[in-house]
Amino acid sequence: MREDMFKVIVERPRLVNSNGYSRDGRKFRDDENAPGRLGMKRGYTQRPKWLNENLAPLKRYLEKQVNRPWDKVYSDIRATIDARSTVKQHILQHIRDFVALDTCWVDTPDGGKVHIRGRWSGEPTLLEDANIELFVHPQTGILLRNRHFVSWGQRKRHQREMQQARAYVDRRDIDERHQLRRIDGIWYEVTLGLLPAPRVQANDIVYDACWDAVRKEWVSRRHGDADYAVSKRQLGAQELKKYGLGT
């Protein structure tokens, strides 16, 4: 582990402003009871500094130690970060954010699986269901990667792809103003229209509403919508065949 890892993790003091003062001086200077002459910094309250943690280097370091004995990895970390320092001890506590240290082996009919004990409850959770990337194997003590871990970005991308897939199952776009939609198992051709733009009347903003043929309710741009379904028409057998749609 690099000798300056602690300095990299705790980059620099972070202040309220560049000079460490809050911006409440104007209220003090405008006070009618304030003296006639004030120093430039009078009325400003100096705030204490606190540490700006950058844990990305620690995370990258741990990821590079996969397949090494955890005891050796931790020894390398402790050689650089001394737990006798309160701030450095705080950095050591962040290791548990990236590595599951309290693991156990639970026998199962198929031979057994790794479980992770909760940090607060102590209840074992199957590794496959744990939201953590790295873990220490309870039998070998080796730092390993959780193959079932899915990052936040991957989950969001998967959700977006699923939403697009579901939308394609029930909706096909023909052009900008025509869609094919499956509603209650029946395919329709839907004609779209633009909602009226807001207008000003007697110093008030008026949102004209239109009847949506699919939602079966009045809609307007008040809630951010721009289009609405002007009409819908059920597709016939020939059209279903043309577009390759099932019933």
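The values are calculated or read from the model by the stated rules, or taken from the named source; none is laboratory data. Computed from a predicted model, the values in this text were never measured in an experiment. Methodologically, a virtual Cβ is constructed for each residue, glycine included, from the backbone with ideal geometry; neighbour enumeration extends over all protein chains shown.
State the number of residues belonging to the stretch 90-99 that are surrounded by fewer than 18 Cβ atoms within 10 Å (Cβ to Cβ) and either outside the structural domain of Asp71 (by TED's automatic domain parsing) or in contact (Cβ under 8 Å) with a residue 12 or more places away in the chain (or both).
Our first condition is that a residue be surrounded by fewer than 18 Cβ atoms within 10 Å (Cβ to Cβ); within the stretch 90-99, this holds for 90, 92-94, 96-98.
Filter once more, keeping what is either outside the structural domain of Asp71 (by TED's automatic domain parsing) or in contact (Cβ under 8 Å) with a residue 12 or more places away in the chain (or both): 92, 94, 96-98.
So the count comes out to 5.
Taking the stretch 204-247 as the region of interest, the strands (runs of 3 or more DSSP E) fully inside it that hold 1 or more residues being among the β-branched types (Val, Ile, Thr) and closer than 18 Å to Asp175 by Cβ are 227-234. Here Arg215, Arg233, Arg221 are screened, and the one residue that is surrounded by 11 or more Cβ atoms within 10 Å (Cβ to Cβ), of a type outside the set (Phe, Trp, Tyr) and in contact (Cβ under 8 Å) with a residue 40 or more places away in the chain is Arg233.
For Ile186, are the conditions met, namely being exposed (fewer than 13 other Cβ atoms within 10 Å of the Cβ) and within 16 Å of Asp170 (Cα to Cα)? Talk me through it step by step, then tell me what you get.
Details: exposed (fewer than 13 other Cβ atoms within 10 Å of the Cβ): yes; within 16 Å of Asp170 (Cα to Cα): yes.
Yes, satisfied.
For the stretch 84-148, the strands (runs of 3 or more DSSP E) that sit wholly inside it and include 3 or more residues that are more than 16 Å from Pro69 (Cα to Cα) are 103-106, 113-117, 124-126.
Candidates in the stretch 100-145 are the residues that are in contact (Cβ under 8 Å) with a residue 40 or more places away in the chain and in contact with an Asp or Glu (Cβ under 8 Å, 6 or more places away or on another chain); of these, the one that is surrounded by the most Cβ atoms within 10 Å (Cβ to Cβ) is Leu134.
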